[in-house]
Amino acid sequence: MGTVHIAPSLPDSPFLRISREASPPAQTSRIPSSAATRKRLKVLAVTSEIYPLVKTGGLADVTGALPKALSAFRIDTHSLVPGYPALLEQARRHPPLMEFDNLLGERATLRHLEIDGLCLFVLDAPQLYDRDGGPYVDRHGNDHPDNWKRFAVLSLAAAEIAAGALPGWQPDLVHSHDWQTALTSVYMRSMGCAVPVVLTIHNLAFQGQFPAHVLSAIGLPPHAYSLDCMEYFGDISYLKGGLMTADHITVVSPTYAREILMPTFGMGLQGVLRQRMDRLQGIVNGIDQEIWDPANDPHLPVGYDARSIRNKRRNKPALLERFAMQPGKGPLFSAVSRITWQKGMDMLAEVADEIFQVDGRLIVLGQGDRDIEAALHRTAERYPGRMAVSIGYDEPTAHLIHGGSDAIIQPSRFEPCGLTQLYALRYGCVPVVSRTGGLSETIIDANDAALSARVATGFQFHPVTADGLRHAIRRACAAYRHPTHWSRLQMRAMQADYSWDRSAAAYASLYERLASTRSLMT
Ligand SMILES: Nc1ncnc2c1ncn2[C@@H]1O[C@H](COP(=O)(O)OP(=O)(O)O[C@H]2O[C@H](CO)[C@@H](O)[C@H](O)[C@H]2O)[C@@H](O)[C@H]1O
């Protein structure tokens with residue numbers, strides 16, 4: 001499994017009949033292709049989120065930024081996304097590219113949209129995607145009951161495009177992301193489509209696990225329910241299917257790539273990942289430095305960069321005012337995060353008092369687990385004016401928090417990469433992070449050696465326990481009492497380079513290698 005399959009023509013599999021016979025592509029317009037475009041590598045990215053259009057977390061940041069960064073490497077990415085309400089109005093202003101008559105029994109229209117430097121293929125199937133709520137949940141926070149179908153249809157459409165359904169445009173490579181699009185390579189292999197596939201796991205905790213009977217409803221043959229494909233503890237797992245059929249698997253940091261081979265972080269898939277270890281690679285995320293730019297951030301009252309870092313403090317009053325808080329003598333810590341066990345936000349509720357002992361302040365912005373939210377609220381009630389908790393998702397406020405806080409706390413129990421700490425570095429907020437996954441390799445702990453080498457950028461703690469976090473907060477508060485020491489940390493943080501350049505180069509060389517291997521074999 002996982003090697004490039006060569007098929008001179010698409011086989012007449014029963015699966016194939018479901019969509020291809022029933023849906024001869026009706027071309028109504030073409031993607032322009034100049035000679036210059038032909039020389040560049042064509043990539044079909046498939047994703048359930050993309051910034052700035054639809055975002056619930058870090059996945060969107062990556063899928064929104066990577067295509068732009070890859071462009072410099074002569075890679076043209078078209079991103080296939082579901083036709084959520086946020087996209088439909090604009091997408092429907094353009095003529096359809098093609099119609100799918102029968103994607104698992106559903107009709108869908110493929111539309112093309114260029115927006116914010118992104119080339120999108122929008123899968124317009126209102127019965128599946130044009131709904132209230134978020135990409136995965138309804139307005140009450142419950143999973144859409146047909147998520148198994150919504151994301152299977154998205155993956156099937158991607159596989160169809162990869163196999164040549166769209167006249168005038170066929171990708172050289174497909175890049176799928178997380179369980180929602182992991183079926184793409186399963187469908188492609190089932191069709192005999194030889195286009196190489198990279199699957200990126202942003203978070204192994206989400207696996208797309210459904211009852212085994214779903215298999216026939218998603219148009220896959222019974223033999224897909226096997227140990228070396230989708231079978232998963234008596235159910236089926238979309239992510240496992242992707243892991244077994246993609247040509248290459250990436251995760252979002254080298255440390256996480258090692259961690260997930262062990263039971264503690266492998267979430268039940270460690271055996272599968274070990275099996276595919278020769279195809280597994282960690283590539284650390286970058287950040288979009290135009291969107292996260294403290295010198296030109298429309299959400300900050302005062303812009304600054306490393307040379308004018310003194311101006312950063314002028315954002316603090318606006319931030320405190322936004323949360324109706326009083327200034328204090330100690331540092332202002334913040335957390336911008338999903339409020340979940342993964343992110344360690346329960347530990348933060350437990351040890352927040354450490355901050356108030358030195359007259360520090362704490363702001364928490366996020367949403368998620370109701371019990372942890374309640375625990376944070378209870379702590380905040382004990383410290384009025386000193387701690388604020390805002391439940392919700394608010395991008396402008398996230399920017400203001402990075403612009404006005406002294407430090408960002410990210411006490412994750414596991415963290416594939418983490419982006420908040422990278423934004424914190426860029427904004428001169430000193431990160432206080434657990435030593436796990438991408439956090440451990442993007443933040444340099446302010447230990448004696450790092451301080452004397454002048455490379456420290458933040459504080460790490462291990463073991464990842466409430467006591468560990470408490471100790472790290474104490475160390476940060478102690479450092480804050482020495483302004484020279486603190487501003488040196490801030491400067492180092494701001495000088496750290498987490499632009500996409502290096503990571504995009506790693507993806508580009510992976511793409512080139514896979515695409516050229518395929519062309520040698522065909
Ligand atoms: N309430 C709120 N309001 C506004 N913005 C909020 C917010 N809560 C979170 N955010 C934003 O959402 C993003 C979260 O990204 P992370 O990488 O930190 O975690 P996430 O678990 O979503 O991503 C997964 O995928 C990414 C991308 O690969 C990995 O970095 C990560 O480790 C993995 O868990 C950041 O842009 C953050 O600012």
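Set the Förster radius R0 to 56 Å, insert the Cβ-Cβ distance between residue 516 and residue 482 as r into 1/(1 + (r/R0)^6), and round the FRET efficiency to 0.05.
With R0 = 56 Å, the Cβ-Cβ based efficiency is 0.55.
Are there any helices in the chain, counted as whole DSSP H runs, that stretch 27 Å or more along their axis by Cα and score at least -0.5 on average by Kyte-Doolittle, and if so which?
Values: long enough: 501-521 (30 Å, -0.22).
Within the chain the helices that satisfy the rule are 501-521.
What are the lysines whose alpha-carbon lies under 21 Å from the alpha-carbon of residue 240, with same-chain residues fewer than 8 places away excluded?
149
Between their Cα atoms, which of 55/316; 39/68; 55/343 are more than 25 Å away from each other? Could the numbers behind the result be given before it?
On the way: 55/316 27 Å; 39/68 17 Å; 55/343 18 Å.
Going by Cα-Cα distance, 55/316 fall outside the 25 Å limit.
In nm, what is the difference between 0.36 nm times the number of residues separating residue 495 and residue 509 and their Cα-Cα distance?
Stretched out fully, the residue 495 to residue 509 stretch lengthens by 2.4 nm.
Identify the chymotrypsin sites (Phe, Trp or Tyr not before Pro) of the stretch 204-308 meeting these criteria: DSSP loop state and at most 11 other C-beta atoms within 10 Å of the C-beta.
233
Tell me the per residue accessible area of the stretch 85-156 using a 1.4 Å probe; a whole number in Å² is fine.
Computed with neighbouring chains in place, this is 43 Å² per residue.
Along the positive direction of the dipole of the chain (beta-carbon charges: Lys, Arg +1; Asp, Glu -1; about the Cα centre), which of 161, 218, 514 reaches farthest?
514
Trypsin sites (Lys or Arg not before Pro), restricted to the stretch 307-349: which are DSSP loop and have at most 16 other Cβ atoms within 10 Å?
In loop regions of the stretch 307-349 (DSSP not H, G, I, E or B), the sparsely surrounded trypsin sites (Lys or Arg not before Pro) are 307, 329.
Where the accessible area of the stretch 363-473 is counted over protein heavy atoms with a 1.4 Å probe, how much of it, in %, is carbon and sulfur?
Roughly 49 percent of what the probe reaches on the stretch 363-473 is carbon or sulfur.
Considering only C-alpha atoms, what is the centroid distance from the stretch 397-425 to the stretch 131-185, in Å?
Distance between centres, Cα-based: 29 Å.
How much of the DSSP beta bridge set in the stretch 170-325 is antiparallel, as a percent to the nearest 5?
Around 30 percent antiparallel, to the nearest 5.
Could you give the size of the charge dipole of the stretch 306-495 about its Cα centre, using +1 on the Cβ of each K and R and -1 on the Cβ of each D and E, expressed in debye and rounded to the nearest 20?
860
Pull out the extension gain between residue 39 and residue 73, defined as 0.36 nm times the separation in residues minus the alpha carbon to alpha carbon distance; nm, one decimal.
Stretched out fully, the residue 39 to residue 73 stretch lengthens by 11.1 nm.
The values are calculated or read from the model by the stated rules, or taken from the named source; none is laboratory data. Please read these numbers as outputs of a predicted model, since none were measured by experiment. Don't worry about glycine lacking a Cβ; one is built from the backbone with ideal geometry, like all the others, and counts go over all protein chains shown. The accessibility values were calculated without ligands, DNA or RNA, using every heavy atom of the protein model including side chains. Shrake-Rupley method; radii C 1.70, N 1.55, O 1.52, S 1.80 Å.
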